[in-house]
Structure formats: structure tokens, C-alpha cells
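First up is the structure itself, then whatever we jot down about it.
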Amino acid sequence: MGEYRNKVRVIAGKYRRRLLAFPDVDGLRPTPDRVRTTLFNWLGAELDGLACLDLFAGSGALGFEAASRGARRVVMVERDRSALALLKDNRRLLDADEIDVVAGDALAYLRSARERFDLVFLDPPFGLDLLPALLPLLPALLAPGARVYLEATRLPELAGWRVLKQGSAGAVRYALVEADVAEPA
């Protein structure tokens, strides 16, 4: 796999304390340990058997953490070739058969996916302001009761979404939301 300066640590679960390399790619910044700890405390032990989508996988910090904590399936989508290669290497290193690494663009993946997910990690590069374009595409891929984790420097208007939890760390804003589905009359 070569030697990389950048490493992210899996916090808990079966891959706990494993250090995973990631490349020096413009805009790639793993979710900090403190924020990941908060997120996974919010989620609790509810990852067992869940299908998760890590849409801008980057370092894989969120997806590997979900797999480590019992997710049945984790799909990691990444378009950067060097990040993609390291995600695949790390998947092999951990022998993480529950992880599927997909090469591609996040918007294109959302438009073509047929699978439903229980948990989606949506942490696009901060400079691109993609959340307003991505959020309307998500409900078609969500299983009943699904939750979506958002991370950005500024969270967009969340009409149609119920905020379950939210927080901040420095300039980073993050929230756990679910689709606000009206009860049938």
C-alpha cells in the first residue's frame, strides 16, 4: 500500500484502533474523531444489520466506522482515483467483505441507484456547496426510518427534513436528519 502520512483511526467496533491511510487530495478532510464519536453516540448500537451509504467516501472514516460497528453493508462512493485505490486497499487490509467500494460521481450514483439505505453519510467537499442539490435526490434511496448525516460549513435549508440532532466543531456544522414524511390521512 505504500507509506502515507495521512491516517485516520477507527474509533470502535471490530476494526477498533486500526489506522487507515488516505491520500493527500485537495478537499479531502476526514470527519474529526470528536465529531465521529458524537455522531456514533447519537446512532448508538443501532448499526447492526443496517445498509449504509458513504456518498463522498474520501478517507472512508465514516464508512469504515459504520462497518466496524456492525453495519451489514456499506457502499462507499468516491471519484478521486488515488482515494478510491486506498479505500480498496484498506477494505482488503481489514478483510471487510461488508464494504463495497464504487468508483463514480455522487450525483450520478444517486440518480442511478436502486438500493435502499438505512443510513447515509453526506459529507461533500466543503467548497462545492452540493447539499442543496443532493438532498432532494435522497428520499428515493431511503428505507423506512432511515437517517442521514450531513456535514458542511453551512447547513442548507432543511425543508422536508426533520433535524434529530445537530452540533458544531469549529467551522464544521453537522446534523442527523430524517425525511419528514407526512402521515397518510
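A few notes on this one:
- In plain terms, the chain from Leu93 to Ala12 could stretch by 27.5 nm, reckoned as 0.36 nm per residue minus the Cα-Cα distance.
- Angle in degrees between helix 81-94 and the longest Cα principal axis of the chain, rounded to the nearest 10: 80 degrees
- Reachable aspartates and glutamates from Lys165, criterion Cα separation under 17 angstrom, eight or more residues apart if same chain: Glu46, Asp118, Asp123, Glu151, Glu157, Glu178, Asp180
- For Val163, net neighbour charge (Lys/Arg +1, Asp/Glu -1) across residues whose Cβ lies under 12 Å away: +1
- The Ala171 and Ala133 beta-carbon pair, evaluated with R₀ = 22 Å, returns a calculated FRET efficiency of approximately 0.55.
- Tensor-based shape of the stretch 121-185 (alpha-carbon gyration tensor, a/c under 1.5 rounded, otherwise prolate or oblate): prolate
- Unit charges on C-beta of K, R, D, E only; dipole of the stretch 7-179, Debye: 400 debye
- For the chain, the normalised intensity computed at q = 0.11 Å⁻¹ comes to -0.43 (log10 of I(q)/I(0), Debye sum over alpha carbons, equal scatterers, no solvent).
- Relative contact order of the stretch 7-179, pairs being alpha-carbon contacts under 8 Å that are 6 or more residues apart, as %: 18 percent
- Compared with the alpha-carbon gap, the fully stretched path from Asp48 to Val163 is longer by 39.1 nm at 0.36 nm per residue.
- Straight-line cross-link partners of Lys88 among the lysines, defined as a Cα under 20 Å from its Cα and at least 8 positions apart when in the same chain: Lys7, Lys14.
- Cβ-based net charge around Arg17, under 13 Å, with every Lys or Arg adding one and every Asp or Glu removing one: +3
Just so you know, all these numbers are worked out from the coordinates, no wet-lab data involved. Nothing here was measured: the structure is a model prediction, and the numbers come from that model. FYI the Cβ positions are ideal-geometry reconstructions off the backbone, even for glycines, and counts take in every protein chain you see.
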